[in-house]
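Okay, so here's the structure we're looking at.
We did not get these values from a lab; they are worked out from the coordinates using the rules stated. None of the values given here were measured: they were computed from a predicted structure. Every residue, glycine among them, receives a Cβ derived from its backbone with ideal geometry; neighbour counts consider all protein chains shown.
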Amino acid sequence: MANKLWEKNFEVNREIERFTVGKDREMDLCLAPYDVLGSMAHITMLQAIGLLSAEELKLLLAELKNIYHACESGEFSIEEEVEDVHSQIELMLTRKLGDVGKKIHSGRSRNDQVLVDLKLFIRHELREITEEVKLLFDELLQKSDRYKNILMPGYTHLQIAMPSSFGLWFGAYAESLADDMLFLQAAYRMTNRNPLGSAAGYGSSFPLNRQLTTDLLGFDSMDYNVAYAQMGRGKTERNVAFAMASVAGTLAKMAFDACLFNSQNFDFVRLPKECTTGSSIMPHKKNPDVFELIRAKSNKIQGLPQQIMLIMNNLPMGYFRDLQIIKEVLLPAFGELKDCLRMTAYIINKMEVNDRILENRMYDPIFSVEEVNRLVAAGVPFRDAYKKVGMDIEAGSFVSDKQIRHIHEGSIGNLCNDRIAELMQSILQDFHFDRVERAEKQLLS
Ligand code: ARG
């Protein structure tokens, strides 16, 4: 016998049930602890506006806390016969507390319930992602400082171009992460607004105190317009996916560099052999599979915003079941991105750099602009200096002292890593994770 919140006097067709529930039982497990938190805030508010007695609230809060701990210890599950996490928790409350459990859904719909669950879950995941991003950022900046004097060729069109350095290479990806962090913050701030009280998407005739649930859940503010709050379903996920895609783009680019630089033909970096994988047929192989998988997984994450956009493409205002499917693409992506961030930091830490790259004469032409600039500084017009050096190279008579004189901000000799670190720090300060932590602790106390 199916156990449905909305079941009346007929039973739903089994096939319809199977198809409409889909992967929800699995997906909703991620949301379970947040469904509990959302319910705790909602019923605290219901009591404040006279829809629950103090005694009823006490009973419900105690039981919800038990369920929260069951989620934490991995004992919570969604039964075969139950549609989703929202139904499961209400069912557990009514089994335990009888009629009191049936009162919690006043002034609420599963539409704003799943919205609040998703926002609380995403908020938590984004915090973890920022932490992983910061760890990788620190690793990169440290490597940049450490190897700031080790030169390598810089490329355009994959043709040797100008002198570069490991300081520039590592530091560039650190600064890229600072920009990604800004994107994460925008996504976080849009996420951290309370949709609860929007109910089915058009509010309620109960005098709900939305400010109270906003404060209890540690949201910065609410999604004010109830119809807009409902529009946040899909839009929130898409914006978060854009931020994740930005991080993933940084990882994928760096992973490709690393694969290239690790090739014997480049030989710029080396991985310790225990960090490589072998071949079943070629005994000599030490492959950089870690970077290849980071690249592929990150590229997959870069497709996430498009996937979400296509699922919700052209949906008009109001809730549709289409939105359920977004959970299937977004929810697993958080773990994948965190894993990629962690593995990138891990392998970058182990990577060795070649400090004798430029001893190879094939790279001498990268100093051509140094020579042109030296002549210009001595009074030769740029175009004439350019021509002379070009002719020398053609004639095979070009020689360079291989001295680097880059001193402006952000160049090889003046990386400004301290300022990049400040930039990251100033962005991190504006997340205010402490507020959320305090509110959630308070709610569970
Ligand atoms: N599983 C649904 C989802 O993720 C929950 C909301 C159901 N609401 C509804 N009106 N059918 O969207």
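Numerical summary
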item	result
Dipole of the chain, positive end: most advanced residue of Phe166, Thr191, Phe433 [Cβ charges, Cα centre]	Phe166
Separation between Cα centres of the range 152-200 and the range 44-68, rounded to whole Å	43 Å
HN-Hα J in Hz across the range 241-251 - Karplus 6.51, -1.76, 1.60, θ = phi - 60°, x for Gly and Pro	5, 4, 5, 5, 5, 5, 4, 4, x, 5, 5
Dipole magnitude of the chain, debye to nearest 20 (Cβ charges: Lys/Arg +1, Asp/Glu -1, about Cα centre)	480 debye
Beta bridge orientation in the chain: antiparallel %, DSSP, nearest 5	75 percent
Label-point gap, in nm, between Met391 and Gln159 - each point 7 angstrom along Cα→Cβ	2.1 nm
Size of the range 129-202 as Cα extents on the principal axes (Å, biggest first)	61, 28, 12
Karplus-derived HN-Hα couplings along the range 106-115 (A = 6.51, B = -1.76, C = 1.60, θ = phi - 60°), whole Hz, x at Gly and Pro	4, x, 9, 10, 5, 5, 7, 5, 5, 4
P(r), alpha carbons of the range 1-156 - 5 Å bins starting at zero, rounded %	2, 8, 14, 17, 15, 11, 8, 5, 4, 4, 4, 3, 3, 2, 1, 0
Helix 417-429 axis, angle to the chain major axis (alpha carbon atoms, nearest 10°)	10 degrees
Extreme residue, positive dipole direction of the chain, given options Ala32, Ala227, Leu310 (C-beta unit charges)	Leu310
Rg and Dmax [Cα atoms of the chain; Å; Rg one decimal, Dmax integer]	28.4, 94
Gap separating the Cα centres of the range 77-97 and the range 128-143, nearest whole Å	40 Å
All aspartates and glutamates inside 16 Å of Lys143 as judged from Cα atoms, apart from same-chain residues fewer than 8 positions distant	Glu175, Asp257, Glu352, Asp355, Asp418
For the range 367-445, the spread of Cα positions along each principal axis, largest first, Å	80, 24, 19
Helix-only CD estimate at 222 nm, as mean residue ellipticity for the chain, using -39500 (n - 2.57) per DSSP H run (n ≥ 4)	-20500 deg cm²/dmol
Cross-link reach list, lysines versus Lys58, counting only Cα pairs under 20 Å and skipping chain neighbours closer than eight places	Lys96, Lys102, Lys103, Lys441
Estimated FRET transfer efficiency when R0 is 60 angstrom, pair Phe256-Lys58 (beta carbons, to 0.05)	0.55
Pairwise Lys count, the range 238-308 - Cα closer than 14 Å, eight or more residues apart or different chains	4
Positive-end residue, the range 106-147 charge dipole about Cα centroid, Cβ charges, pick of Leu115, Gln142, Thr130	Leu115
GNM flexibility winner over the chain from Val12, Val82, Val240 (Cα, springs under 10 Å)	Val12
Gly154 long-range amide H proximity, modeled H, under 5 Å	Ala161, Met162, Ser164
Stretchable slack from Asp401 to Gln425, in nm (0.36 nm times residue separation minus alpha-carbon distance)	4.7 nm
Distance cut-off 14 Å, percentage of C-alpha pairs in the range 288-348 lying past it	61 percent
Candidate lysines for bridging to Lys23, where Cα separation is under 19 Å - those fewer than 8 sequence places away on the same chain excluded	Lys4, Lys327
3J(HN,Hα) from dihedral phi, the range 78-92, Karplus parametrisation 6.51/-1.76/1.60, rounded to Hz, x for glycine, proline	9, 5, 3, 8, 9, 5, 7, 5, 5, 5, 4, 5, 4, 4, 4
Spatial separation of Cα centroids for the range 359-389 and the range 248-263, in angstrom	31 Å
Order by protection proxy (mean Cβ within 10 Å, highest first), peptides 402-409, 227-234, 359-366	227-234, 359-366, 402-409
Nitroxide proxy distance, nm - points 7 Å out along Cα→Cβ at Val329 and Leu310	0.7 nm
